[in-house]
């Protein structure tokens, strides 16, 4: 189990790092070749398509849970029924959804501001993005194989391959043709199709007892999935109000240019959220397994440790992002973007606290207690939207108003509601899941101070000096984590492994940390 945990974690982190590298390369390239306004539409078009996930998530969000619980309990015929029901239903729903998705292409300039010279490219990007969205929806069910087998590293490896294919596709398309907005979506579609083939292959390898048969499709199981996933759809409304509305508000309230600048800045906070999700996914199979076996004590202990570990890993990149924001933006996108460093600092600050509890979401899914979290997510999503409009427009805070709105709403949802509700459905004390939040905040604050001290002492004006500063801050964080953030027992584990293995793997995901 420990080896599997390390593999799952390592593959997820590697996939995340590839995403970071891809974003760092693509953003300045597109801005240089197409302009900051065009870059804003690369993300905005996909965000608009993602609104349709309100419909698809009703199936995709719960099929993995129902399949895994049934398979863990030995009900293989039932598990087969759930998966076949999902495959058939997702294909049928994809055909239906293609028509409203395609119709959006013709009315896009009535919904958002689109310069006349970019309208055709934006429409093609929407069309290709629609196909990408539907393909992702269908293939998401095949993640049930690695999830059930607790081999999340397979899914992460597929994602890494997908990212590499996307990068290569972008390079080739841009080399052969004059760069266009929709080329980014075309490259993503090629990569996703390749990942779909790999996902099906590994699903068959991991679940040899599964056979696809249309006659196994069950309307009763489809109804059960939709009933359970219905609250996931409601929750998705809130998620979209948190994650997909920022650029829309920036476009409508502040204009195309401001929206493009925000699209460049928001990438790394979004990547932090992605990292949080991938880290939380590492813990989800074990949380589901504890629930399936009825071991509530083990589930609570494991989930509480997962919150703290998730926070420890997130604290470092968040602190580096906020602490070195100024020189990073200046070197990455140019001096004209340096003034937006405070945006990154705001995002980095609240994400350290609000993303740590992410593993607790899987408790809601395991217990099938999705109604209250869904309604709460929508409520705070509406708060985020209204605050973003008021603060960015009437209050005159511009892009900073959008960032502050997200900070307030997400803190209320993840830091106040999530730990308390998780403790309620598990029958534990209200503060039991807060233990994992405090130390990561201390670690991030310490590292942030180190970053600012380094900038005060030395000029960070080159990629080499930026790398050295980040490396020094990382080393300081490692020492702080070892002596302050870890317990004595955990330090003993790290020390023992260092002596035994004589290697650099010294962080607390060693044997015995998660039992």
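The values are calculated or read from the model by the stated rules, or taken from the named source; none is laboratory data. It should be emphasised that the depicted structure is a prediction, and the values quoted were computed from it without experimental measurement. Note that we place each Cβ from the backbone using ideal geometry, even for glycine, and neighbour counts take in every protein chain shown.
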Sole miss for residue 217 among (1) assigned by TED's automatic domain parsing to the domain that holds residue 444; (2) surrounded by fewer than 19 Cβ atoms within 10 Å (Cβ to Cβ) is condition (1)
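Scan the stretch 240-249 and tell me whether some residue there is at pLDDT 80 or above and in contact with a helix residue (DSSP H, G or I) (Cβ under 9 Å, 6 or more places away or on another chain). Full working, then the answer.
So in the stretch 240-249, the residues at pLDDT 80 or above come out as 249.
Add one more test, that the residue is in contact with a helix residue (DSSP H, G or I) (Cβ under 9 Å, 6 or more places away or on another chain), and what stays is 249.
Within the stretch 240-249 (the criterion being at pLDDT 80 or above and in contact with a helix residue (DSSP H, G or I) (Cβ under 9 Å, 6 or more places away or on another chain)), the answer is yes, since at least one residue qualifies.
Residue check: is residue 364 part of a helix (DSSP H, G or I), in the same structural domain as residue 302 (by TED's automatic domain parsing) and modelled with pLDDT of 90 or more?
Judged against the criteria, residue 364 is not a match.
Each row is one residue, and each column tells you yes or no for (1) closer than 28 Å to residue 308 by Cα; (2) in the same structural domain as residue 317 (by TED's automatic domain parsing); (3) more than 16 Å from the chain's Cα centre (by Cα).
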position	(1), (2), (3)
255	no, yes, yes
268	yes, yes, no
279	yes, yes, no
288	yes, yes, yes
Among (1) surrounded by fewer than 21 Cβ atoms within 10 Å (Cβ to Cβ); (2) more than 30 Å from residue 255 (Cβ to Cβ) - the single one residue 144 does not satisfy | (1)
Report whether or not residue 102 is surrounded by fewer than 18 Cβ atoms within 10 Å (Cβ to Cβ), farther than 19 Å from residue 198 by Cα and in the same structural domain as residue 221 (by TED's automatic domain parsing).
-> yes
Considering each of 197, 245 in turn, give the residue that is crowded, with 20+ Cβ neighbours inside 10 Å and either at negative phi or touching a strand residue (DSSP E or B) at 6+ places or on another chain (Cβ under 9 Å) (or both).
-> 245
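Determine if the stretch 320-343 includes at least one residue that is outside any helix (DSSP H, G or I) and surrounded by fewer than 23 Cβ atoms within 10 Å (Cβ to Cβ). Let's see the steps before the verdict.
Filtering the stretch 320-343 for residues outside any helix (DSSP H, G or I) gives 324, 333-334.
Remaining after also requiring surrounded by fewer than 23 Cβ atoms within 10 Å (Cβ to Cβ): 333-334.
Within the stretch 320-343 (the criterion being outside any helix (DSSP H, G or I) and surrounded by fewer than 23 Cβ atoms within 10 Å (Cβ to Cβ)), the answer is yes, since at least one residue qualifies.
Residue by residue, here is whether (1) within 30 Å of residue 119 (Cβ to Cβ); (2) in contact (Cβ under 8 Å) with a residue 12 or more places away in the chain; (3) in the same structural domain as residue 467 (by TED's automatic domain parsing) holds:
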{"position": "258", "(1), (2), (3)": "yes, yes, yes"}
{"position": "297", "(1), (2), (3)": "no, no, yes"}
{"position": "306", "(1), (2), (3)": "no, yes, yes"}
{"position": "309", "(1), (2), (3)": "no, yes, yes"}
{"position": "324", "(1), (2), (3)": "no, yes, yes"}
{"position": "336", "(1), (2), (3)": "yes, no, yes"}
{"position": "354", "(1), (2), (3)": "no, yes, yes"}
Within the stretch 322-342, is even one residue under 29 Å from residue 36 (Cβ atoms) and under 20 Å from the mean Cα position of the chain (by Cα)?
-> yes
If we ask which residues in the stretch 379-410 are in contact (Cβ under 8 Å) with a residue 60 or more places away in the chain, surrounded by fewer than 17 Cβ atoms within 10 Å (Cβ to Cβ) and assigned to a helix (DSSP H, G or I), their number turns out to be 2
Does the stretch 108-127 contain at least one residue that is within 25 Å of the chain's Cα centre (by Cα), surrounded by fewer than 20 Cβ atoms within 10 Å (Cβ to Cβ), assigned by TED's automatic domain parsing to the domain that holds residue 39 and modelled with pLDDT of 80 or more?
-> yes
Restricting the first residue to the stretch 86-115 and requiring it to be closer than 27 Å to residue 39 by Cα, which pairs with a second residue that is outside any helix (DSSP H, G or I) and modelled with pLDDT of 75 or more meet a Cβ separation below 8 Å and a spacing of at least six or different chains?
-> 113/255
For residue 442, state whether it is outside any loop (DSSP other than H, G, I, E, B), more than 22 Å from the chain's Cα centre (by Cα) and modelled with pLDDT under 90.
-> yes
